[in-house]
Amino acid sequence: MNKTTRSCKQARVFSAQRFKGMGYQHTAITRWAATLGKREMLKPSSKLLQNQSMISPTRSLPVSQLLQRLTMRQLRAFMAVAEVGSMTQAAALMHLTPSAMSMLIKSLEEELGLQLFERTTRKLLLTESATRLLTVVQAVFASLEVAVEQLHSQSDLRAQQFIIATSPLMAASLLPSLIASFCKSHPHVQIRLIDTAADAIAGLVRSGKADVGICTLDHDFSDLKISALMEDCLMLACHPSHPLATLKPIHSAIRWEQLLGERLILLTKGSGLRHLVDQTLNKLPIKARKQMASLGKNVDSSYEVAHVATAVGLVRSGQGMSVLPAYALSRALAEQKNSLVMRSLIKPVVKRKIVALSLKQRPLPKNAQLFLAHFKRSVAAGV
């Protein structure tokens with residue numbers, strides 16, 4: 001095997017391996033590299049063999065090192081010269097000097113072990129091998145441009161969108177009006193709302209499936225960033241005909257001990273709200289509990305329901321009373337004012353903190369921060 005044959009074979013192998021190493025698995029590359037050496041070997045009088053100034057690839061270097069030497073800048077320079085047919089014009093397009101452009105083309109030819117251009121007095125002409133290479137390079141850069149544009153589009157969309165995870169109760173009562181007012185002043189922002197079980201909210205934040213979780217501070221969230229949003233009181237909901245609803249003055253508060261012996265509609269055990277109600281009733285003064293027990297009055301849980309809306313419906317039908325969050329009752333009163341009475345509960349006043357959860361190691365999206373600020377302002381204004 002003579003030197004020319006070895007040089008052409010190496011050119012074929014190096015060219016195919018370089019583009020494959022860059023990750024461009026294009027069929028045109030394979031065809032171009034597979035036929036390259038054969039075509040040039042069959043033409044001993046071709047320009048490639050006649051040009052004694054061509055330098056073959058460095059044979060002593062490992063392929064991995066040779067691949068690292070082929071650059072995007074070289075390929076862009078090759079594509080520019082091929083498209084305009086002039087080293088000077090291509091240099092101007094890439095904001096380079098003609099000598100710098102010439103050096104890029106020369107280095108690419110040396111790396112590939114091929115002559116890419118036939119130089120005439122008027123313009124540069126592509127060799128047959130370079131024509132095939134140009135088709136591949138143009139396809140590669142076109143694909144890259146599409147990919148970059150898609151990445152930018154996704155990034156812009158992600159910047160405009162954020163995801164909130166919250167309980168079904170908050171999703172149905174507290175958040176709709178807040179989201180509506182926020183989107184009115186920020187029409188470009190998209191909010192995705194996930195309503196899920198209260199004990200699953202923190203998990204969605206930890207896994208990155210939600211940017212922010214809005215919930216009550218009922219568990220240990222020490223691994224997350226906690227931002228206080230508001231405090232909410234537990235209130236008594238009863239039918240307008242119930243004696244506790246007709247107390248004078250009309251806004252009289254009800255003591256927790258007055259619930260002893262009443263038919264209560266409570267949420268199922270295991271929920272944060274049920275735990276808080278049970279805990280408060282169990283902490284009532286022993287004297288009061290004994291006195292009520294002597295009268296045959298203990299806590300009577302007539303119904304246990306999974307949803308606040310069910311509890312409200314039963315109260316409206318006169319089936320009992322319920323202890324519910326103020327924000328949920330406010331929404332229920334707004335819908336049907338005359339079918340429900342809400343009374344404050346005292347001794348003790350039981351409050352719950354509503355907080356926003358987010359990851360400590362990752363800042364909230366800017367629009368999510370704006371929404372939480374809007375949340376706080378709306379609550380402070382009583383909206």
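The values are calculated or read from the model by the stated rules, or taken from the named source; none is laboratory data. Being a predicted model, the structure only gives us computed values, none of them experimental. Positions of Cβ are backbone-derived with ideal geometry, glycine not excepted, and every protein chain shown enters the neighbour counts.
General observations
- For region 310-322, the count of residues that are in contact with a strand residue (DSSP E or B) (Cβ under 9 Å, 6 or more places away or on another chain) and in a strand (DSSP E or B) is at least one.
- Checked against (1) more than 49 Å from the chain's Cα centre (by Cα); (2) part of a loop (DSSP other than H, G, I, E, B); (3) modelled with pLDDT under 80, residue 251 meets all criteria but (1).
- Residue within region 357-376 that is at positive phi and touching a strand residue (DSSP E or B) at 6+ places or on another chain (Cβ under 8 Å) present: no
- Yes/no for residue 308 being of a type outside the set (S, T, N, Q) and surrounded by 17 or more Cβ atoms within 10 Å (Cβ to Cβ): yes
- Qualifying residue in region 231-244 (condition: part of a helix (DSSP H, G or I) and either without any contact (Cβ under 8 Å) to a residue 40 or more places away in the chain or under 26 Å from residue 380 (Cβ atoms) (or both)): yes
- Restricting the first member to region 296-312 and to residues that are at pLDDT below 55, and the second to residues that are among the hydrophobic types (A, V, I, L, M, F, W, C) and outside any helix (DSSP H, G or I), the beta-carbon pairs closer than 6 Å and six or more apart or on different chains are 297/260.
- Residue count for region 214-230, restricted to those that are touching a residue at least 12 places away in the same chain (Cβ under 8 Å), farther than 16 Å from residue 272 by Cα and either in contact with a helix residue (DSSP H, G or I) (Cβ under 8 Å, 6 or more places away or on another chain) or not charged (D, E, K, R) (or both): 7.
- A residue that is aliphatic (A, V, I, L, M), at pLDDT below 90, part of a helix (DSSP H, G or I) and under 18 Å from residue 74 (Cβ atoms) can be found somewhere in region 112-129.
- Cβ-Cβ under 9 Å pairs, at least 6 apart or on other chains, region 97-126 side without any contact (Cβ under 8 Å) to a residue 24 or more places away in the chain, far side hydrophobic (A, V, I, L, M, F, W, C) and surrounded by fewer than 19 Cβ atoms within 10 Å (Cβ to Cβ): 98/92; 100/94; 106/55; 119/125
- Verdict on residue 266 being at pLDDT below 85 and buried (at least 19 other Cβ atoms within 10 Å of the Cβ): no
- Which numbered condition residue 147 misses (of (1) touching a residue at least 12 places away in the same chain (Cβ under 8 Å); (2) part of a helix (DSSP H, G or I)): (1)
- Residue among 194, 286 that alone is among the β-branched types (Val, Ile, Thr), surrounded by 14 or more Cβ atoms within 10 Å (Cβ to Cβ) and either touching a Ser or Thr at 6+ places or on another chain (Cβ under 9 Å) or without any contact (Cβ under 8 Å) to a residue 40 or more places away in the chain (or both): 194
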